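Read through the structure below, which is laid out as structure tokens, and then see the notes.
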Amino acid sequence: MGFTRTLFNEPLLNSGHIVKAVTDIIDGEKPTAEEFIQNLVAVTEALDQAVTQVIDFISAKCLSHL
């Protein structure tokens, strides 16, 4: 995402796409839907923590200080 933004001279912070989360589907012993939901819950929790850290880091800072 960052590379693509630089191609268009667009700052990453203006893109609205700073943090990304990906779920994995692993063919295990559980049905695919059940395994996907478990992975979705885990990635949602990780995304929640990451976004909180990003907000804490950028809050009250000027764009030039990031």
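I need the full set of residues from region 17-40 which are under 22 Å from F3 (Cα atoms) and surrounded by 11 or more Cβ atoms within 10 Å (Cβ to Cβ), in order please.
Our first condition is that a residue be under 22 Å from F3 (Cα atoms); within region 17-40, this holds for 17-22.
Matches in region 17-40: H17, I18, V19, A21.
All but one of (1) modelled with pLDDT of 80 or more; (2) in contact with a helix residue (DSSP H, G or I) (Cβ under 9 Å, 6 or more places away or on another chain) hold for D56; which doesn't?
(2)
What residue, of V41, V51, V22, is at pLDDT below 90 and over 25 Å from L66 (Cα atoms)? Working first, answer last.
Working: V41 fails: at pLDDT below 90; V51 fails: over 25 Å from L66 (Cα atoms).
Of V41, V51, V22, the one residue that is at pLDDT below 90 and over 25 Å from L66 (Cα atoms) is V22.
Would you confirm whether any residue within region 41-59 is open to solvent by less than 90 Å² (accessible area, probe 1.4 Å), closer than 25 Å to P11 by Cα and in a loop (DSSP other than H, G, I, E, B)?
Checked region 41-59: at least one residue is open to solvent by less than 90 Å² (accessible area, probe 1.4 Å), closer than 25 Å to P11 by Cα and in a loop (DSSP other than H, G, I, E, B).
The values are calculated or read from the model by the stated rules, or taken from the named source; none is laboratory data. Quick caveat, the model's predicted, so the values are computed rather than measured. Cβ coordinates were reconstructed from backbone atoms using ideal geometry, including for glycine residues, and neighbour counts include every protein chain displayed. Accessible surface areas use protein heavy atoms only, side chains included; no ligands, DNA or RNA. Shrake-Rupley method; radii C 1.70, N 1.55, O 1.52, S 1.80 Å.
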